[in-house]
Each structure stands twice: as C-alpha cells, then as structure tokens.
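Below you'll find the structure, written out as structure tokens, and then a few comments.
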Amino acid sequence: DMWIRGRSRLLDFYSDDIQKKIDHEIRMRDGACKLLAACSQKDQALEAAKSLQTCSTRIMAYMSELQRMKEAQVMQKVTRRSSDAGPMDDRLPCKGKVAISDLRIPLMWKDTEYFKNKGELHRCAVFCLLQLGEEIFDTDMVIVDRTLTDICFDNTIVFTEASPGFELRVELYSCCSEDDYSAGSTPRKLASKLSSSLGRSAGKKLRAAMEPGPCSPVSNGGGAPLLLPVPSVPGPKYHLLAHTTLSLSHVQDSFRTHDLIISGNEECSYWLPLYGSMCCRLAAQPHCMTQQMMSGCLKTRCKKTSLFK
C-alpha cells in the first residue's frame, strides 16, 4: 500500500531526526558535566547544573518520542488501515502555536521572616522547565530569598508544534544556593589539611589523586574514588519543587491562576514556602490562521433553472 509505505518513510525520517537531537543533547550534557566539575564560582556552578538538568530532561523526552515512533512502525507492519478510512493525516486537525508568558509564583513567608526580617536567611536558585511533547524550554535562573513576594520569570516561551490535545507541563526546580559549590571544594580542603600532616611528598601525591576529573570531583587515575564517596557529578543539584499541567481548556485572553502540585516539604534544603498557585498568560493559535493549509482549483456545477415559472 503506497500510503503505508509513505507513512513508514516519514517515520524513518523523523526517527533519524530525533536520534540526531539525542546525540546533540548527550554532547551538551557531557559539556555541562565537565563545566560543572571545573566551576570555581557559585553562580557558574548553578547555571551549569541548570544546563545539566535541562539536557537530561530533553534526552528522556527524545528517547520516549523515539520509542513511540518505533512502536508505530511495528504496528504498521502488523495492521492495515481500513480501506474506506482514508489517509489519517487528512482527517486530523492542524497543529498550532502555544505561548506562555508572565509566569508568576507567589510565596508565603512567615511574618517574622518577611516583615521583621528575622531568622536565618534562606536563599535558593530556581528555574522552570516547560515541556510540550518533545519541545522543552527552560527559563532564566532566579535567586529567591525572603525579600521577594513572588518568583517572576519574564521569559516568553513559544511552542510551535502543539496539537489540540496538548499537555503543557510546567516544572519548578529549586536548589539551595548557600553551600560552597566550587569545584571539589570539600575534597581539596581535606587534601590540603592532610598534606600538611603527612608531609610534602605524600601530601603532593594525595592532592594529585584528589584532583577532579571531567565528571568526577574525586578520582584516582580514572579508577575508584579515593577516601571520600562523592556523586559522579560534583556541585549543586536541582530538585523538583512543584509542577502543574496546562491544556487547551486553560487558554484565556487574560492573566489566570492555576493550582500547583508541591513535591517538597520544609525539611528539604531546597524548600520555599509556595502559596500553592501559579499565574501566567497562556495563548494558542492554530496554524490555519496564519498558514495556507490547502490550495488548488475548485470546480462547481450549478443546475440550470428557468427564470420563469
């Protein structure tokens, strides 16, 4: 069947494109991993960790999409479409653009923290990941403390391939920014202290063994970690703090409020006192409003009618 063969070739093309995207994000992730291990400034480390989180999320989304395409190819080989159904693409509604902007997340500080400025100053770095299908975008990173009443993201994000049944997932990630995130700071400090007590020769060997590798802050010639059990990637870690999902029913002309599902609690170092809602503008525009969907000649046939009866 020509339609099935054409559909299969189209899926092969998209599969190759998705695979290229996966390879690109893997290279980006490796670069972020190396950058994170080499960072000496807190802001640099937080930005590198943000890039690492974004790349990892994109890789997972692309792999899921690739798996879905593989399953679709298998299904086409074992099933045939109904002869009178017609090409499926001709009967599907067109896709469109979805834009989200003016993202605001209100905070609910205790009176003693906000008005009286008492208690320990808690500061976190936050950003949002927004996913619609295989399209994933991140916002700018914002540093949040008790001087802010709202987390504000000024980015306007546009998704270009949204179907009418789209689901836009918004995820808020947070990381405590008060720790020292310089590259291998803790192992290096320990090595410095040990070297002074072990002597110059032994201390020099110890410091060399504890120098961070590309993706490991404490390595021993590429072998097992020396002395300290550390994560494979040093530096800050972002954690999912809250999320929500928006759909076509949430599209409005005005600024609207949506409920958040909160993942963390007060015991977490990355915790922020969220009010439990998110405000934003969500707009959608079908491609048929701005693009030509169909062209050609239209033939009509009119019945001849008498002017006199």
Looking only at the range 152-170, count how many residues are out of contact with any Cys (no Cβ under 9 Å at 6 or more places or on another chain), within 27 Å of SER269 (Cβ to Cβ) and part of a strand (DSSP E or B).
-> 2
Can you tell me how many residues in the range 144-168 are farther than 12 Å from ILE105 by Cα and surrounded by 14 or more Cβ atoms within 10 Å (Cβ to Cβ)?
-> 11
Take the residues in the range 284-309 that are exposed (fewer than 15 other Cβ atoms within 10 Å of the Cβ) and under 25 Å from ALA99 (Cβ atoms), then tell me which one is modelled with the lowest pLDDT.
-> MET293
Of the residues in the range 235-256, those that are under 19 Å from GLU167 (Cβ atoms) and in contact with a strand residue (DSSP E or B) (Cβ under 9 Å, 6 or more places away or on another chain) come to LEU240, ALA242, HIS243, THR244, THR245, LEU246, SER247, LEU248, HIS250, VAL251, GLN252, ARG256
Looking at (1) exposed (fewer than 12 other Cβ atoms within 10 Å of the Cβ); (2) under 21 Å from the mean Cα position of the chain (by Cα); (3) at pLDDT below 90, can you tell me which one GLY222 breaks?
-> (2)
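The values are calculated or read from the model by the stated rules, or taken from the named source; none is laboratory data. These figures come from a predicted structure and were not determined experimentally. With ideal geometry, Cβ positions are generated from the backbone for all residues, glycine too; neighbour counts draw on all protein chains shown.
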